[in-house]
1. Quick check on the exposure proxy: order HIS160, HIS82, HIS130 from fewest to most C-beta atoms within 10 angstrom.
2. Give the longest segment of the chain that steers clear of trypsin sites (Lys or Arg not before Pro) in DSSP loops with at most 16 neighbouring Cβ atoms within 10 Å, not counting the sites themselves.
3. Just report the Cα centroid separation between the stretch 83-109 and the stretch 1-52, whole Å.
4. What number, rounded to the nearest 500 deg cm²/dmol, is the helix-based mean residue ellipticity at 222 nm of the chain, given -39500 (n - 2.57) per DSSP H run of at least four residues and division by all its residues?
5. What label, among (i) 1.02; (ii) 1.88; (iii) 1.45, belongs to Cα Rg over 2.2 N^0.38 Å computed from the structure on display?
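None of the figures in this text is laboratory data; all of them are computed from the coordinates on show. These numbers were taken from a predicted model, which means no experiment stands behind them. All Cβ positions, even for glycine, are placed from backbone atoms using ideal geometry, and neighbour counts span all protein chains on display.
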Amino acid sequence: MWIRRAFFAWLIPAAFVLPLWLFVGWGVFNAGGWAFVWVLFLAIPSVFLGQLALALLVRARPTVRAERAVSWTDVAGFGAWHVLTIALGFYAQTWWAPLFVLTVVVGIALFWLTLTQLWREARPRTLLRHTIDGTAYLPPQRRETPTVAPEVIVVTETRHPQD
C-alpha cells in the first residue's frame, strides 16, 4: 500500500522533476545543439503537460481520492513511463531513438489506460445485485424523507342550526 501511496504523492512533482531531468541530462551528458532544441521546445513542454494531464486524470477517480493511492496498474504504467523518460535523459546515441519511440508509445498507452479506468469508475452501477449462491435480485429503493414536514391544513365543518 505504501508504494501505491508514494506514486500518488509523486504524480504532481513528477510533472516538474522529469522535464527538469531532461534539461539537466542534456547539459551533463553533452547531448549537442539539436538535442537542446528538442529538449527545450518539444520534450520539456510535452512531458510537463502529459504528466500533469495524466496525474489529474488519475486523481479524478473516486477510488484514488478515497484511498489516496493509485492502482497497481497505474504503478506499473507510470513506473515504466518514468523509467523510460529518465533513460532518455542520458542521451546515449546508440539506443536513444528506439527508446524515444518506446517512451512515446508507453505514454500514449498510459493515457488510454487512465481514461479507461476513469470511465470504468465513473459509469453508473447496475441495480442488479447477487447473493452468495448467485441468485439475482433488485435491492429496495431508498426513499428520500422530506427534511421539512409538509404543511397540513385541517378544515372542520360546523353545522349551523337552520333558523
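1. HIS160, HIS130, HIS82
2. 1-67
3. 12
4. -20500 deg cm²/dmol
5. Only one listed value fits the structure, namely (ii).
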